[in-house]
Amino acid sequence: LALMSAMKFSALACLCSELRLELTLCCGQSFRWQETGPNEWTGVVKGRMITLCRLDDKNLQYCVHNSTDGENLNDKEFLNDYFRLHENLLALCADWSKRDENFAKKAESFTGIRILRQEPLETLFAFICSSNNNITRISGMVEKLCATYGNKLGHYKDKDYFSFPPLEALAVEGVEQTLRGLGFGYRAGYIHKTAKLLLSKRSKGWLESLADLPYLEAHSALLELTGVGAKVADCVCLMALDKLEAVPVDTHVWQIAVRDYGFKSIFKGKTLTNKAYKQVGKLNPFWCIYGTIYTLQGTCCL
């Protein structure tokens, strides 16, 4: 309590029904947030070390410890943009419920879960780490990546917080060997090769510029990168490039398609083929109204 009282918190008007931190920050779209107290989370977003907490149902409290992002947005504008708070989640869920009876049955479970607007470079490498992995291990890998190659931003409650590494730091020789030693396995090679490719064969800002392309073109361009398959490309499109029609198909979405929408497997085996992946994404036009359905369904395990 003494530590929090010494910190300068500001209020951001935001109903609990529009944003629940415990669901939004740990559902597998961002891997930088740590629960640092009751209803309190601390993490790094685009170079800003931030602590968030909720003391009532109408306001979010926030404290920015340190910032190296260089953006002109003030903290309140920054958080509104990051959480996409200009979008009325309750209204969207009401609309989706009218369009889809399966969604309507579980709509109350979705209250306050939002898609974040994240930084493309960090999102790309975080989801490269997600291959055959779980949220806990992915979070650990991203933290190791930042602690090894990023810059320290601050210290809070016995933990150091670091910025995400610049592309140049991940492209130097020796990165793959270092990351393998840290337990990244084959993903170490993916990270190093993709960093080198982006640095040497793509123009500065190329990754961010994909937001200006149509979804399918952006998705296709991402598939050229090492370690990026259809699902990783869709995660980057949805969570960092504003392609809200993207539907990343994972185990949860696959199970939902089979159980609730009558999807019939067109293959035998455990691996989802490219053809099946595309069919699941197009199975219900409702899914492409807004990509949030992916996170909502995956989090709540419809």
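The values are calculated or read from the model by the stated rules, or taken from the named source; none is laboratory data. Small disclaimer: the values here were computed from a predicted structure and weren't measured. When we count neighbours, we look across all protein chains shown, and the Cβ atoms used for this are built from the backbone with ideal geometry, even at glycine. Areas reflect the complete protein model, heavy atoms only, side chains present, ligands, DNA and RNA absent. Shrake-Rupley method; radii C 1.70, N 1.55, O 1.52, S 1.80 Å.
Test of understanding: in a Gaussian network model of the chain with alpha carbons linked when under 10 Å, which of Leu170, Leu238, Leu124 would top the mean-square fluctuation ranking?
Top of the fluctuation ranking is Leu170.
Could you name the lysines in cross-link range of Lys144, using Cα to Cα under 20 Å and dropping any fewer than eight places away on the same chain?
Reachable lysines: Lys46, Lys152, Lys157, Lys159, Lys193, Lys196.
Given [x] 0.96; [y] 1.07; [z] 1.77 as candidate values of Rg/Rh (Cα atoms, Kirkwood Rh), which corresponds to the one derived from the coordinates?
[x]
Could you work out the pair-distance distribution P(r) of the range 174-217 from its alpha-carbon pairs, with 10 angstrom bin width and percents rounded to whole numbers?
Going out from 0 Å in 10 Å bins, the range 174-217 shows 26, 35, 29, 10 percent.
Work from the charge dipole of the chain (Cβ charges, +1 for Lys and Arg, -1 for Asp and Glu, about the Cα centre) and give the residue of Val247, His155, Gln29 farthest towards its positive end.
Looking along the dipole axis, the top candidate is Val247.
In whole angstrom, how long is each semi-axis of the equivalent ellipsoid of the range 16-133, when you take the square root of 5 times every eigenvalue of its Cα gyration tensor and sort them from largest down?
Semi-axes from the Cα gyration tensor: 25, 18, 14 Å.
Rounded to the nearest whole Å², what accessible area per residue is found for the range 111-175 with the 1.4 Å probe?
In whole numbers, the range 111-175 has 39 Å² accessible per residue.
Can you pull the percent of the chain's accessible area that's carbon plus sulfur, 1.4 Å probe, other chains left in place?
The nonpolar share, carbon plus sulfur, comes to 51 percent.
In the range 183-216, which chymotrypsin sites (Phe, Trp or Tyr not before Pro) are in a loop and have at most 16 other Cβ atoms within 10 Å, using DSSP for the loop call?
Tyr186
Whats the longest run of the chain with zero trypsin sites (Lys or Arg not before Pro) that are DSSP loop and have at most 13 other Cβ atoms within 10 Å?
59-156
About the Cα centre of the chain, how large is the charge dipole given +1 on each Lys and Arg Cβ and -1 on each Asp and Glu Cβ? Please answer in debye to the nearest 20.
Using Cβ point charges on Lys, Arg, Asp and Glu, the chain gives about 940 debye.
At what distance in nm do the modelled label points of Ala104 and Leu213 sit from each other, each positioned 7 Å from its Cα along Cα→Cβ?
For Ala104 paired with Leu213, the spin-label model returns 4.0 nm.
Taking the dipole about the Cα centre of the chain, with the C-beta of Lys and Arg at +1 and of Asp and Glu at -1, give me whichever of Leu121, Gly262, Leu213 is farthest to the positive side.
Gly262
Compare Leu182, Leu85, Leu21 in a GNM of the chain, Cα atoms joined below 10 Å, and give the one with the largest fluctuation.
Highest fluctuation of the listed residues: Leu182.
Which aspartates and glutamates have a Cα lying under 14 Å from the Cα of Lys231, excluding residues fewer than 8 positions away in the same chain?
Glu245, Asp250
Give me the net charge for the shell around Ile138: Cβ to Cβ below 15 angstrom, other residues only, Lys and Arg +1, Asp and Glu -1.
Around Ile138, the surrounding residues sum to +2.
Let me spell out the model: positive unit charges on the Cβ of Lys and Arg, negative unit charges on the Cβ of Asp and Glu, origin at the Cα centre of the range 55-210. What dipole size does that give, in debye rounded to 20?
Result for the range 55-210 is approximately 580 debye, rounded to the nearest 20.
Assign unit charges at the C-beta atoms only (+1 for Lys and Arg, -1 for Asp and Glu), then state the dipole size of the range 138-194 relative to its Cα centre in Debye, rounded to the nearest 20.
So the dipole magnitude of the range 138-194 works out to roughly 160 debye.
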